[in-house]
1. Above 25 angstrom, tally the Cα pairs of the chain and express them as a % of all pairs, no decimals.
2. Placing unit charges on C-beta atoms (Lys and Arg positive, Asp and Glu negative, everything else neutral), compute the dipole magnitude of the chain about its Cα centre in debye, rounded to 20.
3. For ALA183 and LYS49, FRET efficiency with R0 = 51 Å and r from the beta-carbon atoms, rounded to 0.05?
4. What does the charge dipole of the range 1-82 about its Cα centre add up to, to the nearest 20 debye, if the Cβ of each Lys and Arg holds +1 and the Cβ of each Asp and Glu holds -1?
5. For the range 1-82, max minus min Cα coordinate along each principal axis, in Å, sorted largest first?
6. For the range 162-207 and the range 120-158, compute the distance between their C-alpha centroids and round to whole Å.
7. Would you calculate, for the chain, the mean residue ellipticity at 222 nm contributed by helices, counting each DSSP H stretch of 4 or more residues as -39,500 (n - 2.57) and dividing by all residues, to the nearest 500?
8. Select from GLY211, GLY60, LEU144 the residue farthest towards the positive end of the dipole of the chain; place +1 on Cβ of Lys and Arg, -1 on Cβ of Asp and Glu, and compute about the Cα centre.
Amino acid sequence: MPLVRNQVFHGLVLRSQDYLDNDQLLYVFTDRFGIITFWLRGVKKPRSKKHYLALPFTYGKYQGSINRRGFSFLNDALQVQQFEKIATDLRLNAYTSYIYDLVLRAFAAGEVQLLWFNKIMQATKLIDQGLDAQIITNIIEIQLLQPFGVQPNWHSCVIGGETQGDFDYSLVKAGIICQKHWAEDEHRLHLAPKAVSYLRLFAQIDLQRIGQIKVSANIKAQLRQTIDAIYRDSVGVYPKSKKFLDQMDHWQI
């Protein structure tokens, strides 16, 4: 596909990267073209008038030239806004950066993903509005498992098909198991039933319908440990932003 000029689209800046002496590469999740890498020439020069295009945690309506086989070029922003709380809060910054890194790994460049563009936009808005950043991140992690090619059975017991009662999670069997079958996996995670209920909810919840979040510290710890285990054993993705997030939690102890 040749360079298509003067395209207008909405976009969310996922990451920027220094390139050559005065340039930057900008990874943008767009509504029309999926994830696109833009080459911003001269943006690091002191007198550059396009510095605002490379600000982290920004979104807006852009105009640019799209190239499916190489770098695209971002010409201007018709409107641009920064998520100010995320940009100035280290903790919110860390969670959001991790979400963005997962998105960059889950989807191929140029693969149109309007549903996911809207999900990630909404997740970022909720974090910026002050909703629990860990829980929003956990929801995205669970729902991203499918694009990563991992599909745990959250609907029913993987052994007997039961849909009601108390459940635990089995890494070996890649899904929930009901109390009647707990003895069939001695390595089940021994989660509180409420933690499993949240995991099942996360797999299908619409972020647009979330108004408030209140989850106890103990359940949040179990959610984090479970999702980390699934990603470690089945996805194999551990970006630097996740390492930083884990280290940051230790600073808070």
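Every number in this text was worked out from the coordinates using simple rules, so none of it is lab data. Keep in mind the model is a prediction, meaning the values are calculated, not measured. Every residue, glycine as well, gets a Cβ built from its backbone with ideal geometry; the counts of neighbours run over all protein chains shown.
1. I get 48 percent for the Cα pairs in the chain exceeding 25 Å.
2. 1000
3. Given R0 = 51 Å and the Cβ-Cβ separation, E is 0.15.
4. The dipole of the range 1-82 has a size of about 180 debye.
5. Result for the range 1-82: principal-axis Cα extents of 33, 26, 19 Å.
6. 16
7. -10500 deg cm²/dmol
8. GLY60
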